[in-house]
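Structure first, commentary second.
The values are calculated or read from the model by the stated rules, or taken from the named source; none is laboratory data. Quick caveat, the model's predicted, so the values are computed rather than measured. Cβ: placed from backbone, ideal geometry, glycine included. Neighbour counts: every protein chain shown. These accessible areas exclude ligands, DNA and RNA; they are computed on the full protein's heavy atoms, side chains included. Shrake-Rupley method; radii C 1.70, N 1.55, O 1.52, S 1.80 Å.
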Amino acid sequence: MFKDNELKGKTILVTGGGTGLGKSMTKYFMELGANLIICSRKQDVLDATVKELQEATGGNIIGIACDVRKPIEVENVIAKGIEEYGEINGLVNNAAGNFISPTERLSPKAFDVIVDIVLKGSYNCTLLMGKYWIEKKIPANILNIVTTYSWTGSGFVVPSAIAKAGVLTLTRSLAAEWAKYKIRSNAIAPGPFPTQGAFSRLFPEGLKEKLDPLNRIPLKRYGVHQELANLAAYLMSDFSAYVNGEVVTIDGGEWIYNAGEFTGLDAIPSEMWDMIEKQVRGKK
Ligand code: HXC
Ligand code: NAP
(Lines give C-alpha, C1' and ligand atoms only; values in the text may rest on other atoms or scores of the structure.)
(Ligands and ions follow the chains in the order given, each with its own letter.)
Protein backbone atom coordinates (compact mmCIF):
# COMPACT_ATOMS: atom_id res chain seq x y z
CA MET A 1 0.00 0.00 0.00
CA PHE A 2 2.82 2.41 0.86
CA LYS A 3 6.03 3.42 -0.91
CA ASP A 4 9.36 1.95 0.22
CA ASN A 5 10.92 3.83 3.13
CA GLU A 6 7.59 5.29 4.30
CA LEU A 7 8.58 4.29 7.87
CA LYS A 8 12.29 5.14 7.53
CA GLY A 9 13.58 6.75 10.73
CA LYS A 10 11.02 4.92 12.90
CA THR A 11 12.13 2.37 15.47
CA ILE A 12 9.21 0.28 16.63
CA LEU A 13 8.86 -2.20 19.50
CA VAL A 14 6.25 -4.87 18.74
CA THR A 15 5.34 -7.05 21.72
CA GLY A 16 4.46 -10.60 20.73
CA GLY A 17 6.17 -9.86 17.41
CA GLY A 18 7.52 -13.39 16.93
CA THR A 19 4.24 -14.94 15.80
CA GLY A 20 0.86 -14.30 14.20
CA LEU A 21 -0.33 -10.77 13.57
CA GLY A 22 2.64 -9.27 15.43
CA LYS A 23 4.99 -10.99 13.01
CA SER A 24 2.99 -9.83 9.97
CA MET A 25 3.00 -6.21 11.18
CA THR A 26 6.71 -6.46 11.97
CA LYS A 27 7.49 -7.74 8.47
CA TYR A 28 5.58 -4.93 6.76
CA PHE A 29 7.13 -2.25 9.01
CA MET A 30 10.56 -3.62 8.00
CA GLU A 31 9.62 -3.58 4.32
CA LEU A 32 8.75 0.09 4.79
CA GLY A 33 12.19 0.84 6.27
CA ALA A 34 11.56 0.85 10.03
CA ASN A 35 13.95 -0.65 12.59
CA LEU A 36 12.24 -3.33 14.65
CA ILE A 37 12.49 -4.74 18.15
CA ILE A 38 10.34 -7.77 18.89
CA CYS A 39 9.80 -9.41 22.26
CA SER A 40 7.89 -12.33 23.76
CA ARG A 41 8.59 -15.07 26.26
CA LYS A 42 10.23 -17.61 23.92
CA GLN A 43 13.72 -16.65 22.69
CA ASP A 44 13.84 -19.55 20.20
CA VAL A 45 10.65 -18.31 18.50
CA LEU A 46 12.04 -14.77 18.36
CA ASP A 47 15.37 -15.99 16.93
CA ALA A 48 13.60 -17.89 14.13
CA THR A 49 11.44 -14.85 13.25
CA VAL A 50 14.44 -12.49 13.33
CA LYS A 51 16.34 -14.73 10.90
CA GLU A 52 13.35 -15.23 8.60
CA LEU A 53 12.46 -11.53 8.41
CA GLN A 54 16.06 -10.38 8.02
CA GLU A 55 16.40 -12.73 5.04
CA ALA A 56 13.03 -11.75 3.58
CA THR A 57 13.36 -7.96 3.91
CA GLY A 58 17.05 -7.16 4.44
CA GLY A 59 15.86 -4.87 7.25
CA ASN A 60 16.97 -4.27 10.84
CA ILE A 61 15.44 -6.36 13.62
CA ILE A 62 16.41 -7.67 17.05
CA GLY A 63 14.49 -10.11 19.28
CA ILE A 64 14.74 -9.94 23.07
CA ALA A 65 12.98 -12.38 25.39
CA CYS A 66 10.68 -10.64 27.81
CA ASP A 67 7.56 -11.33 29.82
CA VAL A 68 5.55 -8.12 29.48
CA ARG A 69 4.06 -8.73 32.96
CA LYS A 70 7.49 -7.99 34.46
CA PRO A 71 8.54 -4.31 34.36
CA ILE A 72 12.22 -5.16 34.85
CA GLU A 73 12.20 -7.32 31.72
CA VAL A 74 10.42 -4.59 29.74
CA GLU A 75 13.07 -2.10 30.91
CA ASN A 76 15.74 -4.46 29.61
CA VAL A 77 14.08 -4.62 26.16
CA ILE A 78 13.88 -0.83 25.99
CA ALA A 79 17.52 -0.44 27.06
CA LYS A 80 18.72 -3.00 24.48
CA GLY A 81 16.61 -1.35 21.76
CA ILE A 82 18.09 2.09 22.51
CA GLU A 83 21.59 0.59 22.62
CA GLU A 84 21.04 -0.99 19.17
CA TYR A 85 19.27 1.86 17.37
CA GLY A 86 19.90 5.02 19.44
CA GLU A 87 16.20 5.73 19.94
CA ILE A 88 12.77 4.04 20.01
CA ASN A 89 9.75 6.04 18.83
CA GLY A 90 6.96 3.52 18.32
CA LEU A 91 5.25 0.84 20.42
CA VAL A 92 2.74 -1.79 19.32
CA ASN A 93 1.08 -3.49 22.29
CA ASN A 94 0.19 -6.75 20.55
CA ALA A 95 1.14 -9.50 23.05
CA ALA A 96 -1.91 -11.30 24.44
CA GLY A 97 -3.19 -14.45 26.04
CA ASN A 98 -6.67 -15.90 25.65
CA PHE A 99 -8.77 -19.08 25.64
CA ILE A 100 -12.47 -19.91 25.62
CA SER A 101 -14.11 -21.17 28.78
CA PRO A 102 -17.35 -20.79 30.70
CA THR A 103 -16.47 -18.17 33.30
CA GLU A 104 -17.60 -20.30 36.24
CA ARG A 105 -14.97 -22.90 35.32
CA LEU A 106 -12.12 -20.39 35.71
CA SER A 107 -9.88 -20.15 38.75
CA PRO A 108 -8.72 -16.74 40.01
CA LYS A 109 -5.30 -17.64 38.56
CA ALA A 110 -6.83 -18.20 35.13
CA PHE A 111 -8.28 -14.66 35.29
CA ASP A 112 -4.91 -13.32 36.47
CA VAL A 113 -2.90 -14.90 33.69
CA ILE A 114 -4.98 -13.31 30.91
CA VAL A 115 -5.55 -9.92 32.55
CA ASP A 116 -1.87 -9.68 33.50
CA ILE A 117 -0.60 -10.40 29.98
CA VAL A 118 -3.12 -8.19 28.19
CA LEU A 119 -3.74 -5.25 30.52
CA LYS A 120 -0.72 -5.19 32.83
CA GLY A 121 1.58 -6.06 29.91
CA SER A 122 0.18 -3.17 27.87
CA TYR A 123 0.41 -0.61 30.65
CA ASN A 124 3.90 -1.77 31.68
CA CYS A 125 5.20 -1.24 28.14
CA THR A 126 3.26 2.00 27.66
CA LEU A 127 4.33 3.50 30.98
CA LEU A 128 8.01 2.63 30.65
CA MET A 129 8.20 3.80 27.02
CA GLY A 130 6.21 6.93 27.93
CA LYS A 131 8.56 7.95 30.76
CA TYR A 132 11.51 7.63 28.36
CA TRP A 133 9.78 9.58 25.58
CA ILE A 134 8.70 12.38 27.90
CA GLU A 135 12.12 12.68 29.52
CA LYS A 136 13.95 12.69 26.16
CA LYS A 137 11.27 14.82 24.43
CA ILE A 138 10.82 12.21 21.69
CA PRO A 139 7.60 12.44 19.62
CA ALA A 140 6.14 8.94 19.58
CA ASN A 141 3.29 6.69 18.62
CA ILE A 142 1.44 3.92 20.46
CA LEU A 143 -0.75 1.35 18.73
CA ASN A 144 -2.78 -1.08 20.85
CA ILE A 145 -4.28 -4.25 19.36
CA VAL A 146 -7.68 -4.77 21.00
CA THR A 147 -10.84 -6.56 19.80
CA THR A 148 -14.42 -5.57 19.01
CA TYR A 149 -15.55 -7.12 22.30
CA SER A 150 -13.54 -4.41 24.06
CA TRP A 151 -16.79 -2.42 23.86
CA THR A 152 -19.49 -5.10 23.38
CA GLY A 153 -18.09 -7.47 26.01
CA SER A 154 -18.33 -11.21 25.32
CA GLY A 155 -19.18 -14.32 27.24
CA PHE A 156 -16.70 -17.21 27.31
CA VAL A 157 -13.64 -14.92 27.00
CA VAL A 158 -14.40 -12.72 29.99
CA PRO A 159 -10.82 -12.19 31.29
CA SER A 160 -9.76 -11.15 27.79
CA ALA A 161 -12.81 -8.92 27.34
CA ILE A 162 -12.26 -6.99 30.57
CA ALA A 163 -8.55 -6.64 29.88
CA LYS A 164 -9.03 -5.46 26.28
CA ALA A 165 -11.65 -2.97 27.50
CA GLY A 166 -8.98 -1.63 29.85
CA VAL A 167 -6.48 -1.37 27.01
CA LEU A 168 -9.01 0.60 24.93
CA THR A 169 -9.55 2.96 27.86
CA LEU A 170 -5.78 3.29 28.23
CA THR A 171 -5.64 4.23 24.52
CA ARG A 172 -8.22 6.98 24.86
CA SER A 173 -6.99 8.29 28.20
CA LEU A 174 -3.40 8.73 27.08
CA ALA A 175 -4.45 10.17 23.72
CA ALA A 176 -5.85 13.02 25.80
CA GLU A 177 -3.12 13.24 28.43
CA TRP A 178 0.06 12.68 26.41
CA ALA A 179 -0.77 14.57 23.21
CA LYS A 180 1.01 17.55 24.76
CA TYR A 181 4.21 15.47 24.63
CA LYS A 182 3.54 14.66 20.94
CA ILE A 183 2.72 11.07 21.86
CA ARG A 184 -0.24 9.68 19.90
CA SER A 185 -2.25 6.68 21.01
CA ASN A 186 -4.58 4.63 18.80
CA ALA A 187 -5.99 1.11 18.60
CA ILE A 188 -6.99 -1.48 16.04
CA ALA A 189 -9.87 -3.88 16.72
CA PRO A 190 -9.51 -6.89 14.43
CA GLY A 191 -12.18 -9.50 13.81
CA PRO A 192 -10.99 -13.07 13.15
CA PHE A 193 -7.64 -13.28 11.35
CA PRO A 194 -6.28 -16.84 11.12
CA THR A 195 -3.30 -17.34 13.41
CA GLN A 196 -2.17 -20.51 15.13
CA GLY A 197 -2.22 -18.76 18.54
CA ALA A 198 -5.79 -17.47 18.32
CA PHE A 199 -7.53 -20.14 16.28
CA SER A 200 -6.16 -23.09 18.29
CA ARG A 201 -7.50 -21.53 21.51
CA LEU A 202 -10.70 -19.85 20.31
CA PHE A 203 -11.97 -21.86 17.34
CA PRO A 204 -10.85 -25.46 17.96
CA GLU A 205 -11.65 -27.85 15.09
CA GLY A 206 -14.58 -29.77 16.65
CA LEU A 207 -16.30 -26.55 17.64
CA LYS A 208 -15.66 -24.85 14.30
CA GLU A 209 -17.78 -27.51 12.57
CA LYS A 210 -20.76 -26.60 14.77
CA LEU A 211 -20.28 -22.84 15.06
CA ASP A 212 -18.56 -21.66 11.91
CA PRO A 213 -17.17 -18.18 12.70
CA LEU A 214 -17.56 -17.27 9.00
CA ASN A 215 -21.34 -17.28 9.47
CA ARG A 216 -20.94 -14.17 11.62
CA ILE A 217 -19.01 -12.20 9.01
CA PRO A 218 -21.03 -10.52 6.25
CA LEU A 219 -18.02 -10.43 3.91
CA LYS A 220 -17.90 -14.24 4.37
CA ARG A 221 -14.14 -14.44 4.75
CA TYR A 222 -11.46 -14.00 7.38
CA GLY A 223 -9.12 -11.05 7.44
CA VAL A 224 -5.88 -11.28 5.48
CA HIS A 225 -2.77 -10.42 7.51
CA GLN A 226 -1.57 -7.86 4.97
CA GLU A 227 -4.87 -5.99 5.36
CA LEU A 228 -4.20 -5.54 9.06
CA ALA A 229 -0.53 -4.73 8.43
CA ASN A 230 -1.61 -1.97 5.99
CA LEU A 231 -3.81 -0.37 8.63
CA ALA A 232 -1.12 -0.70 11.30
CA ALA A 233 1.47 0.88 8.97
CA TYR A 234 -0.89 3.79 8.32
CA LEU A 235 -1.45 4.34 12.06
CA MET A 236 2.31 4.11 12.77
CA SER A 237 3.15 6.49 9.91
CA ASP A 238 3.04 10.27 9.68
CA PHE A 239 0.05 9.99 7.29
CA SER A 240 -2.09 9.54 10.41
CA ALA A 241 -0.42 12.40 12.32
CA TYR A 242 -3.81 13.94 13.26
CA VAL A 243 -5.44 10.62 14.27
CA ASN A 244 -5.27 10.32 18.05
CA GLY A 245 -7.50 8.38 20.46
CA GLU A 246 -9.17 6.40 17.69
CA VAL A 247 -9.99 2.70 17.49
CA VAL A 248 -10.26 1.38 13.94
CA THR A 249 -12.29 -1.80 13.45
CA ILE A 250 -11.15 -4.25 10.77
CA ASP A 251 -13.59 -7.16 10.92
CA GLY A 252 -15.43 -7.40 7.60
CA GLY A 253 -18.50 -5.88 9.27
CA GLU A 254 -18.73 -8.65 11.87
CA TRP A 255 -19.71 -6.83 15.04
CA ILE A 256 -22.18 -4.48 13.38
CA TYR A 257 -23.76 -7.42 11.53
CA ASN A 258 -24.36 -9.32 14.75
CA ALA A 259 -25.51 -6.27 16.70
CA GLY A 260 -28.20 -5.24 14.18
CA GLU A 261 -31.71 -6.22 15.32
CA PHE A 262 -32.90 -7.35 11.88
CA THR A 263 -29.70 -8.32 10.08
CA GLY A 264 -30.65 -11.97 10.67
CA LEU A 265 -33.28 -11.54 7.95
CA ASP A 266 -30.34 -12.22 5.64
CA ALA A 267 -31.36 -15.85 6.14
CA ILE A 268 -34.71 -15.30 4.33
CA PRO A 269 -34.47 -16.51 0.71
CA SER A 270 -35.44 -13.82 -1.83
CA GLU A 271 -38.46 -15.86 -3.07
CA MET A 272 -40.02 -15.65 0.41
CA TRP A 273 -40.07 -11.86 0.38
CA ASP A 274 -43.25 -11.67 -1.84
CA MET A 275 -45.17 -13.59 0.83
CA ILE A 276 -43.69 -11.57 3.68
CA GLU A 277 -44.41 -8.28 1.88
CA LYS A 278 -48.09 -9.33 1.49
CA GLN A 279 -48.30 -9.94 5.24
CA VAL A 280 -46.63 -6.66 6.14
CA ARG A 281 -47.99 -4.19 3.56
CA GLY A 282 -51.03 -2.16 4.41
CA LYS A 283 -51.08 -3.12 8.08
CA LYS A 284 -52.73 -0.27 9.95
C1 HXC B 1 -9.68 -23.10 32.05
C2 HXC B 1 -7.42 -22.62 32.01
C3 HXC B 1 -7.35 -22.98 30.61
C4 HXC B 1 -8.57 -23.41 29.99
C5 HXC B 1 -5.36 -22.35 31.27
N6 HXC B 1 -6.16 -22.26 32.34
N7 HXC B 1 -6.06 -22.79 30.21
N8 HXC B 1 -8.56 -22.68 32.71
N9 HXC B 1 -9.70 -23.45 30.74
N10 HXC B 1 -8.60 -23.72 28.69
C11 HXC B 1 -5.77 -21.87 33.70
C12 HXC B 1 -4.76 -22.86 34.29
O13 HXC B 1 -5.44 -23.99 34.82
C14 HXC B 1 -4.10 -22.00 35.36
O15 HXC B 1 -4.92 -21.85 36.50
C16 HXC B 1 -4.05 -20.62 34.72
O17 HXC B 1 -5.06 -20.62 33.68
C18 HXC B 1 -2.70 -20.33 34.10
O19 HXC B 1 -2.43 -21.35 33.13
P20 HXC B 1 -0.95 -21.72 32.67
O21 HXC B 1 -1.07 -22.77 31.59
O22 HXC B 1 -0.10 -22.00 33.86
O23 HXC B 1 -0.41 -20.32 32.06
P24 HXC B 1 0.70 -20.03 31.00
O25 HXC B 1 1.59 -21.24 30.79
O26 HXC B 1 1.35 -18.73 31.37
O27 HXC B 1 -0.11 -19.84 29.62
C28 HXC B 1 -0.87 -18.69 29.41
C29 HXC B 1 -2.05 -18.96 28.51
C30 HXC B 1 -1.59 -19.64 27.19
C31 HXC B 1 -2.74 -17.63 28.24
C32 HXC B 1 -3.02 -19.87 29.24
O33 HXC B 1 -2.73 -19.97 26.39
C34 HXC B 1 -0.64 -18.76 26.40
O35 HXC B 1 0.56 -18.80 26.64
N36 HXC B 1 -1.17 -17.95 25.46
C37 HXC B 1 -0.37 -16.98 24.68
C38 HXC B 1 -0.86 -16.81 23.27
C39 HXC B 1 -2.34 -16.65 23.08
O40 HXC B 1 -3.14 -16.94 23.98
N41 HXC B 1 -2.70 -16.18 21.90
C42 HXC B 1 -4.09 -15.96 21.52
C43 HXC B 1 -4.43 -14.53 21.55
S44 HXC B 1 -5.88 -14.42 20.62
P45 HXC B 1 -4.83 -22.83 37.81
O46 HXC B 1 -5.63 -22.15 38.85
O47 HXC B 1 -5.40 -24.14 37.37
O48 HXC B 1 -3.36 -22.93 38.15
C49 HXC B 1 -6.81 -13.14 21.04
C50 HXC B 1 -7.91 -12.89 19.99
C51 HXC B 1 -9.13 -12.24 20.50
O52 HXC B 1 -6.62 -12.49 22.01
C53 HXC B 1 -10.22 -12.02 19.49
C54 HXC B 1 -10.53 -13.06 18.48
C55 HXC B 1 -11.61 -12.72 17.50
P1 NAP C 1 -0.48 -15.05 18.87
O2 NAP C 1 0.30 -15.42 17.66
O3 NAP C 1 -0.70 -16.09 19.90
O4 NAP C 1 0.21 -13.77 19.50
C5 NAP C 1 0.33 -13.50 20.86
C6 NAP C 1 1.79 -13.20 21.15
O7 NAP C 1 1.90 -12.70 22.48
C8 NAP C 1 2.70 -14.41 21.04
O9 NAP C 1 3.82 -14.10 20.24
C10 NAP C 1 3.14 -14.68 22.48
O11 NAP C 1 4.46 -15.20 22.54
C12 NAP C 1 3.05 -13.27 23.06
N13 NAP C 1 2.90 -13.29 24.51
C14 NAP C 1 1.98 -13.96 25.25
N15 NAP C 1 2.18 -13.76 26.54
C16 NAP C 1 3.24 -12.94 26.65
C17 NAP C 1 3.95 -12.37 27.74
N18 NAP C 1 3.57 -12.59 29.01
N19 NAP C 1 5.00 -11.55 27.48
C20 NAP C 1 5.39 -11.30 26.22
N21 NAP C 1 4.77 -11.82 25.14
C22 NAP C 1 3.71 -12.63 25.36
O23 NAP C 1 -1.94 -14.53 18.44
P24 NAP C 1 -2.42 -13.41 17.40
O25 NAP C 1 -3.71 -13.89 16.85
O26 NAP C 1 -1.34 -13.04 16.47
O27 NAP C 1 -2.75 -12.18 18.37
C28 NAP C 1 -2.06 -10.96 18.28
C29 NAP C 1 -2.92 -9.83 18.83
O30 NAP C 1 -4.08 -9.68 18.01
C31 NAP C 1 -3.42 -10.07 20.24
O32 NAP C 1 -3.44 -8.85 20.95
C33 NAP C 1 -4.84 -10.54 20.03
O34 NAP C 1 -5.66 -10.30 21.14
C35 NAP C 1 -5.22 -9.68 18.84
N36 NAP C 1 -6.36 -10.18 18.09
C37 NAP C 1 -6.23 -11.29 17.30
C38 NAP C 1 -7.31 -11.71 16.56
C39 NAP C 1 -7.22 -12.89 15.65
O40 NAP C 1 -8.24 -13.31 15.12
N41 NAP C 1 -6.05 -13.46 15.41
C42 NAP C 1 -8.53 -11.02 16.64
C43 NAP C 1 -8.63 -9.90 17.48
C44 NAP C 1 -7.52 -9.48 18.19
P45 NAP C 1 4.99 -16.14 23.75
O46 NAP C 1 3.90 -17.11 24.05
O47 NAP C 1 6.25 -16.72 23.20
O48 NAP C 1 5.27 -15.21 24.89
The Cα radius of gyration of segment 55-143, divided by 2.2 N^0.38 Å with N its residue count, comes to 1.30
The helix 20-31 Cα axis meets the longest alpha-carbon principal axis of the chain at an angle in degrees, between 0 and 90 and rounded to 10, of 60 degrees
A 1.4 Å probe over the protein heavy atoms gives segment 1-53 a carbon and sulfur accessible-area percentage of 47 percent
Per its Cα gyration tensor (rounded if a/c is under 1.5, else prolate when a/b beats b/c, else oblate), the chain is best filed as prolate
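Averaged per residue, what accessible area in Å² does segment 1-154 show with a 1.4 Å probe, protein chains only?
Computed with neighbouring chains in place, this is 45 Å² per residue.
What percent do you get for the relative contact order of the chain when only Cα pairs under 8 Å and 6+ apart count? Present the calculation step by step, with values, prior to reporting the outcome.
On the way: 486 pairs, mean separation 48.0, N = 284.
Relative CO of the chain lands at 17 percent.
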Length gained if residue 154 through residue 136 is fully extended, taking 0.36 nm per residue and subtracting the Cα-Cα distance, is 2.5 nm
Once all protein chains are kept in place, residue 111 shows an accessible area at probe 1.4 Å, nearest 10 Å², of 60 Å²
If N is the residue count of segment 18-105, its Cα Rg over 2.2 N^0.38 Å rounds to 1.18
Cα-based Debye curve of segment 94-179 sampled at q = 0.12, 0.15, 0.23 Å⁻¹ gives log₁₀ I(q)/I(0) of -0.39, -0.57, -1.07
So, over other residues within a Cβ distance under 15 Å of residue 217, counting Lys, Arg +1 and Asp, Glu -1, the net charge is -1
For segment 200-284, Rg(Cα) over 2.2 N^0.38 Å is 1.62
With Rh as the Kirkwood radius over Cα pairs, segment 155-225 has Rg/Rh of 1.10
For residue 275, the accessible surface traced by a 1.4 Å probe with all protein chains present amounts, in square angstrom to the nearest 10, to 100 Å²
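Calculate the FRET efficiency for residue 259 and residue 103 from the Cβ-Cβ distance with a Förster distance of 30 Å, rounded to the nearest 0.05.
Here the calculated transfer efficiency is 0.90.
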Residue by residue through segment 169-180, the couplings from Karplus 6.51 cos²θ - 1.76 cosθ + 1.60 with θ = phi - 60°, in Hz, x for Gly and Pro, are 5, 4, 4, 6, 5, 6, 4, 6, 6, 9, 4, 5
Placing each pseudo-label 7 Å from Cα in the direction of the beta carbon, residue 208 and residue 54 end up separated by a distance in nanometres of 3.3 nm
Simple SL model, points at 7 angstrom along Cα→Cβ for residue 246 and residue 273; separation in nm is 3.4 nm
In segment 204-284, the GluC sites (Glu not before Pro) that sit in a DSSP loop and have at most 12 other Cβ atoms within 10 Å of their own Cβ are 261
About its Cα centre, the chain carries a charge dipole, from +1 on Lys and Arg Cβ atoms and -1 on Asp and Glu Cβ atoms, whose size in debye to the nearest 20 is 580 debye
Most fluctuating of 218, 192, 269 in the GNM of the chain (C-alpha, under 10 Å) is 269
Of the accessible area of segment 72-211, computed with a 1.4 Å probe and all protein chains kept, carbon and sulfur make up a percent value of 58 percent
